[in-house]
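Only one structure is covered here, and it is reproduced in the block below.
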Amino acid sequence: MVQSFDEYCGHSPIWDSNLLLNSSYPHFTECFQNTLLVWIPCAIVWLAVPFYINFGVYGNGSSLPVSCLSVSKTFCSLLLFVLTCVDLLYSNKTKTQGLNDFTAFYVAGSVKASTFLLVAFMLQLERRKGLGTSGVMFTFWFLMSLASIIPFYTRIKEQQTGDGFRFPLFCAYFALILIELVLTSFVEKASTRGYEPIGKPECPEVTASFPSQLTFEWITSLIVKIYRSGITNDDIWQLHPRDQSDTFIPGMRREWDKEVERWRQKQTKKAERLHEETSFISSERQPLLASSASNSYKYESNSINSTTSGDSKDRKEGGKAEEKTKSKGGPSLLKVIVKCFGGAMLKGWACKLIYDGLQFVSPMILNLLIGYVQTKDSLVWKGYVFAAALFVVAMTQSVFFHQNWAHRHDCRNEDQVGPYLLQSINKALTMTSDARTKSTVGEIVNLMSVDCQRLQDITGYLWMLWSAPLQIVLAMVLLWNTLGPSVLAGLGVLVLLIPVNAVIAAKTRKYQVEQMKLKDARIKLMNEVLNGIKVLKLYAWEESFERKVREVRAKELNVTKKAAYLGAVSTFFWSSAPFLVTLATFATYILIDSNNQLDAQKAFVSLSLFNILRFPINLLPMVISYVVMGNVSIGRIGRFLQNEDLDPNNVQRPDISDHALSIENGTFTWSKTAKPVLNDINLEISDGKLVAVVGQVGAGKSSLISAFLGEMEKRAGRVVVKGRVAYVPQQAWIQNATVRDNILFGTEVDQNKYQQVIEACALEPDLEILPGGDLTEIGEKGINLSGGQKQRVSLARAVYNNADVYLLDDPLSAVDSHVGKHIFNKVVGPKGLLRNKTRILVTHGVHWLPLVDTIVVIIDGKISEQGSYETLVSRDGAFAQFLKQYLTQENDEDEEDPEVQRIKSKILERIDSVTSGTDATGKSEDDEVVTALRNRIKSPAKPPLARSISSIETVTGKGQWKDAKDQKQKDKLIEAEKAETGKVSWKVYLKYLSAIGACYSVIILGAFILYQVASNGSNIWLSVWTDDKYLQNRTNVNETEYRDKNYMYLGVYGAFGVGQAFLVLAYAIFAAMRMINAAGVMHNAMLSNILKLPMVFFDTTPLGRVVNRFSQDIDTIDNALPMTMRQLLNLFVSLISTMVVITYSNPITAAVLVPILIVYYVFQRFYIPTSRQLKRIESTTRSPVYSHFGESIAGASTIRGYGFQQRFVQESKDRVDKNMVFYFAGIASNRWLGFRLEFLGNLIVFAAAIFAVVTPDNTGGLVGLSVAYALQVTGTLNFLVRTTSDVETNVVSVERVREYTEEPTEAEWRVENKRPPANWPDRGNVRFNNYTTRYREGLDLVLKGISCDIVGGERVGIVGRTGAGKSSLTVALFRLIEAASGSIVIDSHRISDMGLHDLRSKLTILPQDPVLFSGTLRMNLDPFDEYSDDKIWTALEHAHLKTFVSGLDDGLLHECGEGGQNLSVGQRQLVCLARTLLRKTKILVLDEATSAVDMETDDLIQKTIREEFKGCTILTIAHRLNTILDYDKILVLDQGLIKEFDTPQNLLADSSTVFYGMAKSANLI
């Protein structure tokens, strides 16, 4: 027979309010104690059983050792099982006495017994699977402890203590429950079995107990350490495995690939549907349809993409359509993020949901408390229970609030890293060349820093999208219960604000998109400025480019200002909204019915609810702003991810093939919309062969190498590469690492092989000169190596890599003939280290052609001839004509090596024998050329322009490894980024406030304080209103005075609201205006100072570090810092006003407030050093991420050539993980403080409630006022902690910007009273007077007492071995390095007296590296607009560029692209020559001007210089001695000293001179 619930409980109700509320103590029914108090805790365990089963089956943790803790917990559980069973048996025996004679009691006992037994089993399962702590267990024992309190005091109150058996049994039971709770609060540790862990310790959160995780106690040790002794990069633990890149990046990549595939299938179906719908259209429309259908997603294979055909116009239209498609839609990054991190989000959201629910419990308890005070209830325990309930609810809220933040930040950690790794490094290493033109380095770095940060921000606040509406709905429901339909008036105010909010959101989005575009443009320009800073200084162009950056910045700030004003209006509406809602509701309540009385309960419960409502309403503008910014950033990241990848099928890589390299019917282009660069390529190269590729400039030689690497779009054909590849690019890519690391390139060390490679690549003399040998650190882009050294390090990297196929793109162009011969013989040639490897050598050195196996001749993108040297020469075809033309035009070429001259002489004779070059007399027309070539050594004819290392000296024996530790310490070039220690100086805050303006700062502060006074005044007025005795007397309702008093109170209340509205509007506008102005001032100050810094700063500072200041730090000052500063001001003033109001309401509360605030201050002071230092280190560890990222992008083709993409991706992951461990520690320390300070805030709530209970004659209005304000304290303290930390965190950006603003600068650009004459220098005389200099303080002198006179118009060759001081002498002329002593005098003016721009603008240099900037061709030639178009065209004509520029669509307005990437290297060098011709000063310095160009370009440059700079003083750094034999003077340097300075004839006449020895070793005499 089914038993009823009433019978089940022994006819006891499960809940009896009358019994509970009208007893002398909180009396719960027996049924309640034996059902809900048992079922709820035990249900926690039983609901976890499926998860434990899954954990037991699939868990793979290592077993924990049997410990005292484990045994104790299991033993106590089993003992509880026994005690429960004994209690059941004893009760069954004594039930005839009427005790516990009902079913619920036995069921409860059985449930508890089985649960205790299950817990014992679970504890052992946890131990076997390596789980040291359990949230399920702790929650169970915690709830059991709370549930046991009620029956414990009930037994005492009901005098059941006389039972000599059951009461002691229950006491033992209760004690064991508490013991279990204590035991569960500790964590079981894994045994190290006597071994100490190697490396960094694991994250303490991993081994923290569940209570420690709830309270963040696990990070206390770190906080104490930082407070006592600070912290460095190496002092912190490893990143939590949960947050490591390798944990979640693979999953994210899989989800992204699935999303891409889904999108592709959708696009394919759409194209098929479109094709079916339009199948009836005439054949004229078919190409258009085909084009539409072929606009498939970027990841489709080349075979699909290659089906699109048509002329150039069709391709352009197709490209535009593709861009349109890409902008409209594509794979959803947001979906991927949700799939990957949705679980972590849901955990946080679940905590937030509970927190939101608990928020509304406090006003209901407040309602009961006010009612208790007003009715003077005799049951005192109620007041204390209400006070305790407020404290318990507040503490529970704190736990869930901070867990919500912890889970959200876990998700934010991953979101910050995931997109970076997925879309930045991975994408950058796989993008096509065409995609690279659309996403420059600066734009990608901006994407990585700013957009990923914004994506992180939106992830942290995404919960507000559902939490804010939920809170508003719940608040409105409770307000309806309190005030009835009057709440609709307040709801109406909120509804009216919705369209306002919609308009503001739409406008904000528009401004955000525009702002990000301008930010991209600024970072792109800044990146180029920093990359070309040496050229800017040499040409004195800093001011021009500073103006350009400032112009972009001004536009960016203008848009930011518009958005800020919009934000100020939004702040006005949303700050006024809570009060307007309150006012509308109260006014409606009073006016609709004269019987409605606004008493303390209604007023302050409503006020508490309105205060809760204030948070979501106030936060909505910020969340909307974050959502808009995040949406823009997700769109930008999504578009970046849609950039096209290189097709891995471009090159087939079989293990077995008939040929090492082959191309069959190949047609290649650099982009799908461009014309083919290589056409009808058919080439087969056998294993072990040496193949030379020759051709004119722009013929397609480098493109052929790129085709083998898979770098080009393959329109048609088949490419096969067998084996591993090593690639040496034309422009060497060098990492910011030691020479040794650059050569090893991540491979294993083999000392013997390493030494062989060093010797073969002619690096031994260089390593002897470099201060740290092969452990000398190379700066960014090889800044401290010459062009020849960089190229040979790049070659050594390839040789050491021991690949099967070597692709050598003109590696010998940057070295002189001796070194070139050495490298060819020792490395590339038939007897070199690579003799058994397959080699493709692009070369302009025709003298090596007889020594190669096969020659491939390329003309206009087609292979015109291929075959052996003899075969091609015998044909008298294009190759023979090319050789003849080249050797004939090379009459003035400068090769000092006699062997090379003999080879060339034989080549020309051989050519003459097979070409039709004889006249009627039979005499060859090239006899004079042959004679001249043979006699070249005796009659050198032109100045040298190509620089490389001095002639190679054979070194026998093997070098020794140097002591890495000592050398790395001694020869560190790139200094670690400086991280300030201690608290942020007040000077930093004053710097920011001074940028805002002192007067405006006072106005902003004053307006907000007045706003807060008005806000507090309105609430105090409400307290007076509700306590008015006349209004409380219900008999006065119909009196006129009653109505007038209500209207008076309402009117004054409304006046307070109007004052608040206007004050907050004034505050918001002034704050927005001045803080944006401050951001502009700080950016411009840093920019101005950066451009004035000496070159040594840029030599020792990674550019990524500087770019980080202009991107991440400036973005923080633009957006994050103003927002957090306003929040800090809001919260701080609110806290002070809250304390004042609480003290006003109940003065005795001050006795508790003072010590609590002291403890609060101590906590803050204890915590702030931790937060500050962690943020500083987090900032400094972020810069290497950007530096490595930029370096990887620059060397993407080299990295892909070697197939090392994964290694570089892993390196990036490691750097990001290192950065994230500090970010994570900062978040955890923030929560640590927040939890403790909320505990203090909850104590204030408890104190306010207790004093409200114990204070006699308290009014309901004062109680409501004090407790309502106290309830705000917890939230205010909570956000004050976070905001204080955020301000300190963000103000670090001001500190970092200030650091670069105050770096020591160069000398003044202009010294007004010491400016040289306008025509200076008019003669070109240069005098060195005992001149000494060093590169930076602490280093040895590089020039040691130089004294010499150079007469105007003389040509002076500067020679000497590497490290002699040749380049130092030339840069000293431009004062890139300053004198340590002595002076340089040019035409009677000491250069140290005049301004740098006055000096540098009067000198001209043609540097080695051709640096161009994004912008028009005209801007690159004349950034100051000093010259007319006619003069520019004349300069272009003399630079042999007029024909090329005239053929461009835009002529002088042609956009050069980032770094001039759409011009060839030769064309860039000619543009630099045109710059030089425009300046045409009396003194010209040539420093490695043509080392990176081919010989034809070299000839053009040499010819122009001889003609256009006749009569000028020319200083030339020379390594090819025969090129300066016809110079007026030779300056021989050695170790910073002048060894000789005389005419070449005099020096050669004396066999004891150094120059004579150099000429003899070069076989010139």
Hey, got the Cα dimensions of the range 1262-1418 along the principal axes, in Å, largest first? 96, 38, 35
Keeping all protein chains in place and using 1.4 angstrom, which order do Leu849, Leu478 fall into by accessible surface area, from largest down? Leu478, Leu849
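May I ask you to derive the FRET efficiency for Asp750 and Ala350 from their Cβ-Cβ distance with R0 = 35 Å, giving the value to the nearest 0.05? Write out the running numbers ahead of the final one.
Values: r = 57 Å, r/R0 = 1.61.
With R0 = 35 Å, the Cβ-Cβ based efficiency is 0.05.
Using Cα pairs closer than 8 Å and at least 6 residues apart in sequence, work out the relative contact order for the range 1193-1297, in percent.
For the range 1193-1297, the relative contact order is 31 percent.
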Mind grabbing the accessible area of Asp853 for me, 1.4 Å probe, Å², rounded to tens? 70
For Gln1535, which sequence-distant residues (separation of 5 or more, or a different chain) have an amide H within less than 5 Å of its own amide H, given hydrogens modelled in the peptide plane? Ala1364
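Report, to two decimal places, the Cα Rg of the range 529-587 normalised by 2.2 N^0.38 Å (N = number of residues).
Values: Rg = 23.0 Å, N = 59, 2.2 N^0.38 = 10.4 Å.
Its radius of gyration relative to the 2.2 N^0.38 Å reference: 2.22.
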Sorted by accessible area with a 1.4 angstrom probe, largest first, how do Tyr1053, Tyr1011 fall? Tyr1011, Tyr1053
At 1.4 Å probe size, what's the solvent-accessible area of Glu1191? Round to the nearest 10 Å². 30
Hey, can you grab everything whose amide H is under 5 Å from the amide H of Gly130? Only 5+ residues off in sequence or another chain; H modelled, so Pro and N-termini drop out. Leu64
Extended-chain gain in nm, criterion 0.36 nm per residue less alpha-carbon gap, Arg718 and Val1052: 111.6 nm
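If each residue of separation counts as 0.36 nm, what is the full-extension length gain between Lys157 and His11 once their alpha-carbon separation is subtracted?
Details: separation 146, 0.36 × 146 = 52.56 nm, distance 2.15 nm.
Length gained, Lys157 through His11: 50.4 nm.
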Theoretical FRET efficiency, 1/(1+(r/R0)^6), r = Cβ-Cβ of Gln1032 and Ser110, R0 60 Å, to 0.05: 0.60
Through the Karplus equation 6.51 cos²θ - 1.76 cosθ + 1.60, θ set to phi - 60°, convert the phi angles of the range 166-180 into ³J(HN,Hα) values in whole Hz; use x for Gly and Pro. 6, 5, x, 4, 5, 4, 5, 4, 4, 4, 5, 4, 5, 4, 4
The relative contact order of the range 1293-1378, taking Cα pairs under 8 Å that sit 6 or more residues apart, comes to a percentage of 22
Taking amide H positions as placed 1.01 Å from N in the peptide plane, with prolines and chain starts having none, which residues 5 or more places from Gly1345, or on another chain, fall under 5 Å of its amide H? Tyr1331, Thr1332, Thr1333
Among Lys537/Lys781; Lys781/Lys1218; Lys689/Lys821; Lys1402/Lys1529; Lys266/Lys675, which pairs are too far apart, with a Cα-Cα distance over 28 Å? Lys266/Lys675
Heavy atoms only, probe 1.4 Å: what % of the accessible area of the range 1-84 goes to carbon and sulfur, would you let me know? 71
Could you put Lys339, Lys519 in order of accessible surface area, largest first, with the 1.4 Å probe and the full protein assembly present? Lys339, Lys519
Between Ala1549 and Ser657, what is the spin-label point distance in nm, taking each point 7 Å from the Cα along the Cα→C-beta axis? 6.4
Going by Cα centres, the range 1435-1472 and the range 360-374 are how many Å apart? 80
So the pair-distance distribution of the range 1-89, from every Cα-Cα distance in 10 Å bins, comes to percents of 12, 24, 31, 19, 12, 2
Using alpha-carbon positions, what is the distance between the centroids of the range 1214-1281 and the range 460-502, in Å? 25
In sequence order, what are the phi-derived ³J(HN,Hα) couplings for the range 485-493 according to the Karplus relation 6.51 cos²θ - 1.76 cosθ + 1.60 with θ = phi - 60°, rounded to whole Hz, with x for glycine and proline? x, 4, 5, 5, 4, x, 4, x, 4
Between Asp1257 and Thr1040, what FRET efficiency comes out of the Förster formula 1/(1 + (r/R0)^6) with R0 = 41 Å and r the beta carbon distance, rounded to 0.05? 0.85
Give me the one-decimal nm value for the distance between modelled label points at Leu19 and Ser63, 7 Å along each residue's Cα-to-Cβ direction. 5.0
Under 14 Å, Cβ to Cβ, from Gln124 - net charge with Lys/Arg +1 and Asp/Glu -1: +2
Residue by residue through the range 524-537, the couplings from Karplus 6.51 cos²θ - 1.76 cosθ + 1.60 with θ = phi - 60°, in Hz, x for Gly and Pro, are 4, 5, 5, 4, 5, 4, 5, 5, x, 4, 5, 5, 4, 6
Take Lys1431 and Lys270, extend 7 Å from each Cα along the Cα→Cβ direction, and tell me the distance between the two endpoints in nm. 5.5
Carbon and sulfur: what percent of the range 704-846's accessible surface (1.4 Å probe)? 45
Quick check: residue separation of Ala998 and Arg835 times 0.36 nm, minus the Cα distance between them. What number comes out in nm? 51.3 nm
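If packing is taken as the mean number of other Cβ atoms within 10 Å per residue, what is the order of 1301-1310, 380-389, 1285-1294, highest first?
1285-1294, 380-389, 1301-1310
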Ser703 accessible area, 1.4 Å probe, all protein chains in place, Å² to nearest 10: 10
If we sort 145-155, 574-584, 479-489, 1259-1269 on the protection proxy, mean other Cβ atoms within 10 Å, highest first, what's the order? 1259-1269, 574-584, 479-489, 145-155
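The values are calculated or read from the model by the stated rules, or taken from the named source; none is laboratory data. Nothing here was measured: the structure is a model prediction, and the numbers come from that model. Don't worry about glycine lacking a Cβ; one is built from the backbone with ideal geometry, like all the others, and counts go over all protein chains shown. Accessible surface is based on the protein model in full, side chains and every heavy atom, while ligands, DNA and RNA are left aside. Shrake-Rupley method; radii C 1.70, N 1.55, O 1.52, S 1.80 Å.
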